[in-house]
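The values are calculated or read from the model by the stated rules, or taken from the named source; none is laboratory data. Only a predicted model underlies this, so the values are computations on that prediction, with no experimental measurement involved. Heads up, the Cβs are rebuilt from the backbone with ideal geometry, glycines too, and the neighbour counts pull from every protein chain shown. Protein only, heavy atoms only, side chains kept; ligands, DNA and RNA dropped before computing areas. Shrake-Rupley method; radii C 1.70, N 1.55, O 1.52, S 1.80 Å.
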Amino acid sequence: MAVPGLYFDGRTSRAHRVQLSVEAGIAQLSGDIARSCPLAELHVSEPAQHVARKVTFPDEAYFEVQDGAAFDALLQETGYRDSSVVRMQRSVRGILFGVAATVAVLVLGYLYVLPFAADTIARHLPASVERTISKGTLEFLDKHILAPSRLTATQQNAIAEQFRMLRPPQEGAPSYEIIFRSSRIGPNAFALPSGQIVLTDELVKLMDNDDEVMSVLAHELGHLHERHLMRRLVQSSAVGAVVTLLFGDVSAVIANIPTVLLDMKYSRDAERDADDYAIAMMKANGIPLSRMAEAFEQLKSKKGDADMPYLSTHPTTTERVAHIRQAQ
């Protein structure tokens, strides 16, 4: 059986009309060019719709098939089989299996591999990176969201000193600095990667007593202890990079750190970790956990709560308060 096609020597664009045949394990070309080569040294391209298949020689010259049916018959005669991947691509069952396997790998990677990698990277980033991120973020927030605190120096010092006197729940507590600001978006507190805990006047005024303020600060110290913000930034960047590779959407990579901070929606597990750190700190200092529960209830009354907890990254306030009260 002879298969018609074109031969290209790999050095010029000139096409030579030839025929390909196989005898005793040797591929032979006849016509404008005469050439032979053992089958084991040839590379056959994968089948693709509307694209001619090619047989490439060791020196990069190649034979371009013109009769696909005749070539398929020749391959069958020689016992050639396409790779398992190609065979799967031709099978509906294989395609469905491939899609399911890809989805499973992506889901498992997102749930387990990505968080582990983000945690590892976040814990080994140089302190200079955290300082740079924190400085730029605070400057952005001061320009657009925050304003100088209206609390007196005496009030600020009293809160900072009271929290400084509290004993951390375990050794290796992170270093921190409490920064006071007034906010255009209401009561809030958040921790920057380099250790600044931003506490707004509105939150201080919302709380009924200092113990409630201490519980909020302890929660933010828990985020610092677990490096939640850096882990989230690394993880968000990784997700953006994967989306870009899959869909070519460069905008997915342009992750805005201030946007992340304004959203402040850590994972549900991260919020529980910070709550547990605060619970342990309150217990270590003999502060009733009811104060912490009341702080969350105060925030709920002011800011509301998620109606669909399983679509939210935060546990609901009701869930968190129940967890705190059970820990007493």
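Ordered from largest to smallest accessible area (heavy atoms of protein chains, 1.4 Å probe), the residues Tyr7, Tyr62, Tyr80 come out as Tyr80, Tyr62, Tyr7. Of Leu108, Leu6, the order by accessible heavy-atom surface (1.4 Å probe, DNA, RNA and ligands excluded), from most exposed downward, is Leu108, Leu6.
Counted by Cβ distance under 13 Å from Ser30, the other residues give a net charge of 0, where Lys and Arg count +1 and Asp and Glu count -1.
Fully extended, how many nm does the chain gain between Ala48 and Thr102 (0.36 nm per residue separation, minus their Cα-Cα distance)?
Working: separation 54, 0.36 × 54 = 19.44 nm, distance 2.16 nm.
Length gained, Ala48 through Thr102: 17.3 nm.
Note on Arg164/Ala280: beta-carbon distance plugged into 1/(1 + (r/R0)^6) with R0 of 25 Å gives a FRET efficiency of 0.90. Sequentially through the range 176-190, phi angles give Karplus couplings (6.51, -1.76, 1.60; θ = phi - 60°) of 8, 9, 8, 10, 9, 9, 9, 10, 7, 10, x, x, 6, 8, 7 Hz, Gly and Pro residues having no value and appearing as x. Judged by the gyration tensor of its Cα atoms, with axes a ≥ b ≥ c, the range 1-73 is rounded; a/c sits under the 1.5 cut. Computed from backbone phi with θ = phi - 60° and the Karplus coefficients 6.51, -1.76 and 1.60, the 3J(HN,Hα) list for the range 219-232 is 4, 5, 5, x, 4, 5, 4, 8, 6, 4, 5, 5, 4, 5 Hz; x is used for glycine and proline. Taking all protein chains together and rolling a 1.4 Å probe, Lys300 ends up with roughly 80 Å² accessible.
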